[in-house]
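Where a number appears in this text, it was derived from the coordinates with a stated rule and is not lab data. Note that this is a predicted model, so its numbers are computed, not measured. Note that each Cβ is placed from the backbone with ideal geometry, even for glycine, and that neighbours are counted across all protein chains shown.
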There are 2 protein chains.
Amino acid sequence: MINNYELYNPTRLIFGENRIEELNQYLPEKAKILFVYGQGSIKRNGIYDRVIDILKGWEYVEFSGIEPNPVYETLMKAVKLGRENKVDFILAVGGGSVIDGAKFISAAIPFGDDEPWKLVSEHLEVIESIPLGTILTLPATGSEMNKGAVISNKATGDKLALISEKLFPVFSILDISVLKSLPKRQIANGVVDAFVHVTEQYITYPIGAKLQDRFAESILLTLIEDGQKLYDDIEDKDAGANVMFCATMALNGVLSSGVPTDWSIHMIGHELTALYNIDHARSLAIILPALYNLKINEKLEKLVQFAERVWKITKGSDIEKAHTAIKYTENFFKSLGISTKLSKYNIDLDFTIKSIKEKFESRGIDNFGENGIISIDDIEAILHKAK
Amino acid sequence: MINNYELYNPTRLIFGENRIEELNQYLPEKAKILFVYGQGSIKRNGIYDRVIDILKGWEYVEFSGIEPNPVYETLMKAVKLGRENKVDFILAVGGGSVIDGAKFISAAIPFGDDEPWKLVSEHLEVIESIPLGTILTLPATGSEMNKGAVISNKATGDKLALISEKLFPVFSILDISVLKSLPKRQIANGVVDAFVHVTEQYITYPIGAKLQDRFAESILLTLIEDGQKLYDDIEDKDAGANVMFCATMALNGVLSSGVPTDWSIHMIGHELTALYNIDHARSLAIILPALYNLKINEKLEKLVQFAERVWKITKGSDIEKAHTAIKYTENFFKSLGISTKLSKYNIDLDFTIKSIKEKFESRGIDNFGENGIISIDDIEAILHKAK
């Protein structure tokens with residue numbers, strides 16, 4: 001039985017080639033703009049110049065230095081700058097981290113005298129936000145068309161989500177011309193990130209949501225075909241356009257409409273990133289095969305559907321099909337130059353297990369994943385399988 | 001090469017069982033509401049009472065009698081009522097015709113002293129509109145989550161589209177509990193209407209838009225499976241939920257993102273409805289097979305893709321696969337009790353051909369469909385094939 005749900009997404013996607021040059025049509029007239037970006041790659045690849053050329057027509061201040069896994073302390077400097085300049089629009093140019101950071105800034109600027117971290121730590125309702133527009137430079141997280149952000153706090157060691165309808169970007173420009181300057185590693189990470197976003201909403205248990213399932217399979221099939229193509233040939237514009245649309249549709253609310261979701265791979269992966277600074281997508285590629293193999297019985301029906309429809313596996317028992325599908329998925333990640341084993345990273349397994357279990361326990365988490373099928377003790381088994 | 005596009009859809013879908021009872025959470029506080037509906041079926045099936053029970057908490061006026069293929073003259077009575085009562089919200093309860101009519105009313109009320117028909121006939125920009133919420137009683141047209149409406153004018157004989165971002169409903173309640181009171185004929189019509197909405201955006205020519213194609217195929221596959229199921233058993237809630245979500249996703253902007261579209265089946269079908277009052281969906285079921293058979297070479301690549309992916313046809317030449325897919329589609333329509341032949345209706349073929357050709361000529365239309373592959377003379381061949 002499909003659950004009741006709401007589907008709401010007011011972000012305007014502006015998609016295609018050389019759409020950055022149309023930015024002036026989407027910026028509010030006479031806005032005072034806070035222009036935020038990351039650590040300078042947009043200066044090297046020419047996107048910065050393309051944006052500045054248009055921003056000439058507006059009053060704006062610039063804030064650079066939002067890091068991967070954006071940090072509260074850094075973002076608060078942008079909040080200060082925005083407040084001092086009384087900005088009334090934010091333009092974020094970057095990947096998921098820059099956009100996530102900009103969402104926090106957008107909520108924090110009008111938050112008043114209290115500590116804006118409480119928006120995150122105490123899950124306060126976002127009552128007001130500064131409107132945000134984005135130019136996406138890396139297809140991966142889907143943040144360009146959703147209401148969520150993940151923010152880290154150096155002082156407390158927390159990495160937490162901020163979610164509010166007030167955080168949907170007003171517009172997001174998806175200009176496929178940005179892809180050609182991306183390093184292969186980033187393309188691979190983006191494809192895997194989007195892929196796992198889909199499986200977290202799809203490989204759970206069946207409830208008869210046929211359209212949501214087929215949409216999920218549509219994205220997976222397209223990422224497998226065109227993720228590889230784009231990785232091999234960064235100039236392939238159709239592959240680029242398809243990967244970009246896939247990454248956005250993977251996490252904009254459609255796939256999760258009325259269905260159970262998992263997110264355990266992300267929860268464990270986040271801890272690997274926190275401990276060892278392993279790229280987000282790479283942490284997911286390590287956890288996914290191990291976790292699916294451990295929970296193969298609990299997830300069997302959907303793993304078989306995934307095997308048959310996505311990997312076109314027709315032979316073998318259900319368990320065999322599921323195992324083969326997980327193997328093929330691993331091979332897909334590897335073909336993008338992404339390792340699926342912890343041993344490729346220089347880590348102490350026992351310390352890692354102990355640290356992650358303690359982290360979950362300190363947060364009071366007993367069971368997670370759909371139906372709570374993952375226990376704290378499973379973390380040990382998953383990391384052993386992933387070693 | 002995928003075309004540049006914008007994707008924007010701010011309508012909030014409120015989906016599931018007994019969602020009508022949550023209407024109070026979505027109506028603006030203290031709004032003065034114009035409550036519009038059709039020809040009274042909602043009184044017979046209990047939806048009217050469920051709505052009225054909630055509207056008690058608001059000031060409202062009621063307007064009934066919006067007909068299938070909503071008529072300007074009728075709608076203007078609602079506009080007058082809305083203006084007299086200074087309404088600031090419209091609640092439409094019905095199928096596509098009621099929602100289309102409500103969209104026109106929403107644009108016409110604040111239009112000023114001039115004749116509101118000009119919004120339609122002269123394609124004037126909608127500058128202001130009264131916010132609209134809907135409760136969908138029949139999955140079919142997709143109007144509940146898009147910006148278009150089709151309005152007829154008795155005096156001039158025109159049936160024209162009104163399109164504006166100001167016409168997106170603020171919310172649409174898709175309550176699957178409404179399905180069980182629908183006549184089989186309406187279910188069948190809705191399934192076929194949604195099906196042809198998809199093919200008009202999909203069976204054209206390939207441009208490499210893999211995700212849009214797969215999303216289209218996802219909807220078609222689900223409509224074939226669950227459209228039939230729902231037709232056979234109106235109590236099947238999962239089938240109902242899937243058909244409802246399919247019909248909405250079929251025409252909310254996602255499928256047409258960056259791809260060529262056809263719409264020639266609708267253009268000819270509309271004229272059959274205008275001449276003989278044949279149900280909209282039934283007119284499409286007559287034209288589709290004839291038109292695809294006539295233009296089989298022009299549409300061959302997509303027809304073969306449709307054959308292989310949707311109908312799982314693996315044998316035969318490309319032309320044979322395409323013919324078989326069209327045949328299977330016809331059989332699907334027939335299995336829903338819908339005839340695909342003009343001879344099942346009492347019409348004069350020569351008069352019909354002459355009338356439709358004259359209508360197109362009077363509008364200055366030479367060629368239509370993707371790439372203008374349909375000529376005025378093709379209308380004759382199509383109607384002969386459909387006889």
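What gaps in nm, shortest first, separate A:Val61 from its twins in the other copies when you place the label 7 Å past Cα toward the beta carbon?
Copy-to-copy label distances at A:Val61, shortest first: 5.1 nm.
Once you have the alpha carbon radius of gyration of the protein assembly as shown, what is it after dividing by 2.2 N^0.38 Å, with N set to its residue count?
0.98
Treat the count of other C-beta atoms within 10 Å as a stand-in for reagent exposure and order A:Lys321, A:Lys80 from fewest to most.
A:Lys80, A:Lys321
Hey, can you grab everything whose amide H is under 5 Å from the amide H of B:Ile90? Only 5+ residues off in sequence or another chain; H modelled, so Pro and N-termini drop out.
Close amide H contacts, sequence-distant or interchain: B:Leu34, B:Leu132, B:Gly133.
Consider all pairwise Cα distances in segment B:193-315 and report the whole-number % of them above 26 Å.
21
Which ³J(HN,Hα) values, rounded to whole Hz and listed in residue order, are derived for segment A:196-207 from phi using the Karplus coefficients 6.51, -1.76 and 1.60 in 6.51 cos²θ - 1.76 cosθ + 1.60 with θ = phi - 60°, glycine and proline given as x?
6, 4, 5, 5, 5, 9, 10, 8, 10, 9, x, 10
If I take the Cα coordinates of chain A and project them onto the principal axes, what are the three extents in Å, biggest first?
64, 46, 45
Neighbouring Cβ atoms within 10 Å as the yardstick, rank A:Ile33, A:Ile105 fewest first.
With the sparsest Cβ surroundings first, the list reads A:Ile33, A:Ile105.
Using only the Cα atoms of segment A:243-387, construct the convex hull and provide its projected area averaged over every direction, in square nanometres to one decimal.
Convex hull of Cα atoms, orientation-averaged projection: 9.3 nm².
Starting from the 7 Å offset along Cα-to-Cβ, what nm value, one decimal, do you get for the label separation of B:Ala155 and B:Val61?
The two pseudo-label positions are separated by 2.1 nm.
Would you mind computing the Rg to Rh ratio of segment A:107-163 from its alpha-carbon coordinates, Kirkwood style for Rh?
Here Rg/Rh amounts to 0.98.
Viscosity 1.306 mPa s, temperature 10 °C: what is the translational diffusion coefficient of segment A:302-387 from Stokes-Einstein with a Kirkwood Rh over Cα pairs, rounded to a whole number of µm²/s?
In µm²/s, the coefficient is 106.
If you put a point 7 Å past Cα along the Cβ direction, how far is that point for B:Glu235 from the same point in each other copy, in nm, smallest first?
Sorted ascending, the copy-to-copy spacings read 6.4 nm.
Please compare each pair in A:Lys327/A:Lys385; A:Lys321/B:Lys237; A:Lys344/A:Lys385; A:Lys295/A:Lys327; A:Lys327/A:Lys387 to a cut-off of 22 Å on the Cα-Cα distance and tell me which ones are over it.
Table pairs above 22 Å Cα-Cα are A:Lys321/B:Lys237.
For chain A, what does the helix formula give at 222 nm: sum of -39500 (n - 2.57) over DSSP H segments with n ≥ 4, over the residue count, nearest 500 deg cm²/dmol?
Computed mean residue ellipticity for chain A: -14000 deg cm²/dmol.
So how many Å³ per residue does the convex hull of the Cα atoms of segment B:12-178 work out to?
Cα-based convex hull of segment B:12-178, divided per residue, equals 98 Å³.
Treating the angle as unsigned and between 0 and 90°, give the value, to the nearest 10°, between the Cα long axis of helix A:280-294 and the longest Cα principal axis of chain A.
20
Kirkwood hydrodynamic radius, computed over distinct alpha-carbon pairs, for segment B:1-74: how many Å, to one decimal?
This gives a value of 15.1 Å.
In nm, give the distance between the simple-model label positions of A:Lys30 and A:Ile376, each being 7 Å from the Cα along the Cα-to-Cβ direction.
5.8
Summarise the long-distance tail of P(r) for segment A:1-42 by giving the % of C-alpha pairs beyond 15 Å.
Every Cα pair in segment A:1-42 considered, those over 15 Å come to 69 percent.
As I understand it, the value is the acute angle between the Cα axis of helix B:96-108 and the longest principal axis of the Cα atoms of chain B; what does it come to in degrees, rounded to 10?
60
Put a label point 7 Å from Cα along the Cβ direction on A:Thr261, then list its distances to the equivalent points in the other copies in nm, shortest first.
3.0
Which entries in B:Lys103/B:Lys184; A:Lys80/A:Lys180; B:Lys56/B:Lys86; A:Lys184/A:Lys302 show an alpha-carbon gap greater than 29 Å?
Beyond 29 Å between Cα atoms: A:Lys80/A:Lys180; A:Lys184/A:Lys302.
Along the axis that rotates chain A into chain B, which residue of chain A has the nearest beta-carbon, and what is the gap in whole Å?
Minimum Cβ distance to the axis, with residue: A:Pro10, 2.
Filter the GluC sites (Glu not before Pro) in segment B:1-107 down to the DSSP loop ones having no more than 16 other Cβ atoms within 10 Å, then list what survives.
Filter output for segment B:1-107: B:Glu17, B:Glu29.
Just to be sure I understand the curve: with the Debye formula and one point per C-alpha of segment B:173-255, what is log10 I(q)/I(0) at q = 0.10, 0.12, 0.15 Å⁻¹?
-0.24, -0.34, -0.51
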